[in-house]
Amino acid sequence: MNAPSPYISKNRPIRRLDESAQNRIAAGEVVERPASAVKELAENSLDAGARRIEIAIADGGRTLIRVADDGHGIPEAELALALERHATSKTDGADLLDIRSFGFRGEALPSIGAVSRLVLTSRTEAADAAWTLRCDAGRLGAPAPAALARGTVVEARDLFHATPARLKFLRTDRAETQAVADMVRRLAMAAPEVGFVLRDLSEGGAKASPEGRVLFRADPEPGEPRHARRLRLARVMGREFTDNALEIEAEREGLRLSGLAGLPTYSRGAAVAQFLFVNGRPVRDKLLTGALRAAYMDVLHSGRHPAAALYLECDPQLVDVNVHPAKTEVRFREPGVARGLLVSALRHALAEGGHRASSTVGEAALGAFRPEAGPPAAPRLTGWGPRMDRPSVAELRRAYDFQAPGEAAPAPDGTPPAQPGLSEDPMAWRAARSEPEPVETEAEDLPLGLARAQLHENYIVAQTRDGMVIVDQHAAHERLVYERLKRQAAEAGVRRQALLIPEIVELPADDAERLLAAAGPLAELGLVIEPFGPGALAVRETPAELGTPDAAALLRDVADELAEEGETAAVRARLDAVLSRMACHGSVRSGRRMGAAEMNALLREMEATPMSGQCNHGRPTYVTLTLAQIEKLFGRR
C-alpha cells in the first residue's frame, strides 16, 4: 500500500488564520525584498505631498530601512489605524478604478510591520507635537510623544525577523543595496519636483561619515514640468542619454505619451535603460516593453536594446493598477491603443530624427586613436600612385578625389573621366545628379559636409564647417537601399526586373519549402521564384534596386532570414527583415572606388533619408569628429 502524500491534508477542519498569520502572508505578497519596502514607504511619502524624501538603509535593508519626509503627516488618532490592514485615506473603496495615488490598498505599513520591528513617527502641521507608535511583528504598542518637525518617519529594523525563512531568499547585501538604489532612481524619475537622498548606514558607510555614504542625491528640479523632467533624466540616466535622445510627444484616444527615446546608435547590450511610467507610477509592463522593442525592430540588431524614459498619462478609468499587490503591473482597457500609440510615436520620432547618430560614436572613435609602437602604415588612398616619393599635384588630386565644381575625377590609368553619379553602375542611387556640385563653402555647411577622400576603398572622409565625418560607404548605402525598398513596397510593390535566363538555385529541401511557402509575399518584394524540381528553385525576377545580384546568395540569405524570424513573427516584421537582407545585396561593396560626385551624392541622400545614421543591423554609418576633439587628440587642447 502506497504511503500517503505529505502534501495532502488529513481531513483537517477549515479554520480562520489568526491576524498575525494573515499579516505575514500579506507581507509576502507586498514585501518581496528590502527594495519593495522602500518603494511602498517612499510612495506613501509622495502621496503625502512630500517635497523632500530621505532614505537610509543598512546591510542592504536587512537591518535598517528609514524613510523620512516633509509631507502633511498622520494625526495622533490615526496612527494605530494606519497599521491596520486595508485602512487607507486614498480611496473610499467605492470605485477601485478611479485611483489617483500611488498606494490605495492599505497593506504597505501593516505588511512591513508584520515582518519587522517598525517605528512610525509623525506630526501634522496643526499638531503641537509629534507622536510615535511601535509595532513588533504585528503587535502594536501605545502611542507616545516624540520630537519631530512636520512630516513622517518610518523606521523598520530587522526585516523578516518574524519570518526568518524569507531571509534565506535574499541576495547579498550589495545586490539588495543596488536594488534599493534602482528603485529610488525610478521614483526620482517619476517625481522630478521632489528631492531624494539615499544613504547607506552600514558599518563601512558609517565609518566614512556619521551620516553614512550617499548613494544617490537629486534636489528638486526647477522650471516647468517638461524642463524639470529632462533635468532629472539627465541627473539619473546621464547627460549622454538626454543629448542623444529624441523628444516624444503624442496623443491618441485619451492616452498621452511623452518622454525621451534614445537614438538607435545609443543602444545597450541589455534592457537596463528602459523606464516606463503610467500616470506617474513606475511599471514593468510586458505590453509596453514589447511595444518599445517593436518600435526599434527596424533599426536595432537582435541583442541590442533601446534606451528610453517614457511617460503614459490617461484617465484612471482607462487603466487598472490593481492587478498586482506590488502595483508594478497594469492592465489597459484598450491595450491595442496603448501599444499602437507607443509604436507609432517612436517610429515617427525616429524617422523625424533623419540621419542623426549618437555623439558617443565619435567619443568611442577617439579612443581608437592611440599611438602604437613602430611607424604607422601608410593609408591606402583612392588613386595613390606607385611612387612613394613626393607626389605631383595631379597625383594628389587623384589621391584625394579632388575636382573642380562639375568636373569628373580622372581615372588613375588615364582613361576618360566618367560622368558624375553612378549611371555606369546598376546599383546607382537617385541622388547622383548631372548638375554641378555645390561650391565647397556651401557643402561644408551641410550636416555631412563635402567629400574629400576615400580610404581603403570603403571609408569616405568628408569635411564639415567644424570638423570631419567618416562614412562607411557599404553600411550607409545598405540603409539607403533598404529604405527605398520599404518605400516602394508600401506604395505599390517593389519594382522588378525579369532575368533574361532564369537562374536555377539548388537548396536544402527545408529552405526550398520555406521559400515556396512565402512565394506570394516575396513576389510583392520583387523576388519571383518557382519550383524547379526537388530541392531547386528558378529565380525569374529580382528587385530592380539590386541591379544584378547573385541570385543563389540572395535566395540563401532570404531563406536564412525566414528561418530566423520564424512563423510566429508578425508578417510585417518578417517582410522588413527580408528586405533588409536584400538591401545588402544591392549596396555599394567595400573595396569599390568612388569618385567625388558619387561620394557627395551618397552624403546628400543620407541627409535626406530617415534613419540613415545606422545600418540595417543598428551599427553607426558614420562618425563625426569635431575640431575640438581633433585638437585634443593632437594635444592642442
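At-a-glance table
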item: Unique match (being closer than 30 Å to residue 124 by Cβ, touching a Pro at 6+ places or on another chain (Cβ under 9 Å), assigned by TED's automatic domain parsing to the domain that holds residue 189 and at pLDDT 90 or above) among 65, 53; result: 65
item: Conditions (1) closer than 30 Å to residue 599 by Cα; (2) surrounded by fewer than 19 Cβ atoms within 10 Å (Cβ to Cβ); (3) at pLDDT 90 or above: number failed by residue 491; result: (3)
item: Tally, over the stretch 158-182, of residues that are under 19 Å from residue 114 (Cβ atoms) and within 37 Å of the chain's Cα centre (by Cα); result: 7
item: Complete set of residues in the stretch 602-637 that are at positive phi and out of contact with any Ser or Thr (no Cβ under 7 Å at 6 or more places or on another chain); result: 611, 635
item: Single residue of 509, 536, 553, 523 found to be under 30 Å from residue 351 (Cβ atoms) and either within 37 Å of the chain's Cα centre (by Cα) or of a type in the set (A, V, I, L, M, F, W, C) (or both); result: 523
item: Of the criteria (1) in the same structural domain as residue 576 (by TED's automatic domain parsing); (2) under 30 Å from residue 607 (Cβ atoms); (3) in contact with a helix residue (DSSP H, G or I) (Cβ under 7 Å, 6 or more places away or on another chain); (4) not small (Gly, Ala, Ser), which one residue 480 fails; result: (1)
item: Subset of the stretch 494-535 that is β-branched (Val, Ile, Thr) and in contact with a Leu (Cβ under 8 Å, 6 or more places away or on another chain) - its residue that is surrounded by the most Cβ atoms within 10 Å (Cβ to Cβ); result: 494
item: Residues located in the stretch 167-207, provided they are part of a strand (DSSP E or B) and either of a type in the set (Lys, Arg) or closer than 14 Å to residue 38 by Cβ (or both); result: 196, 197, 198, 199, 200
item: Meets criteria (over 18 Å from residue 358 (Cβ atoms), surrounded by 15 or more Cβ atoms within 10 Å (Cβ to Cβ) and not polar (S, T, N, Q)) for residue 255; result: yes
item: The stretch 250-284: number of residues that are under 20 Å from residue 347 (Cβ atoms) and either free of Cβ contacts under 8 Å to residues at least 40 places away in the same chain or not in a loop (DSSP other than H, G, I, E, B) (or both); result: 17
item: Listing of helices (runs of 4 or more DSSP H) fully contained in the stretch 559-637 that carry 3 or more residues being at pLDDT 85 or above and either more than 30 Å from residue 518 (Cα to Cα) or among the hydroxyl-bearing types (Ser, Thr, Tyr) (or both); result: 596-608, 627-633
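Every residue, every condition in (1) among the aliphatic types (A, V, I, L, M); (2) surrounded by 15 or more Cβ atoms within 10 Å (Cβ to Cβ); (3) over 25 Å from residue 238 (Cβ atoms); (4) at pLDDT 60 or above, yes or no:
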site	(1), (2), (3), (4)
287	yes, yes, yes, yes
300	yes, yes, no, yes
317	no, no, yes, yes
321	yes, yes, yes, yes
353	no, yes, no, yes
377	yes, no, yes, no
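The values are calculated or read from the model by the stated rules, or taken from the named source; none is laboratory data. Being a predicted model, the structure only gives us computed values, none of them experimental. Every residue, glycine among them, receives a Cβ derived from its backbone with ideal geometry; neighbour counts consider all protein chains shown.
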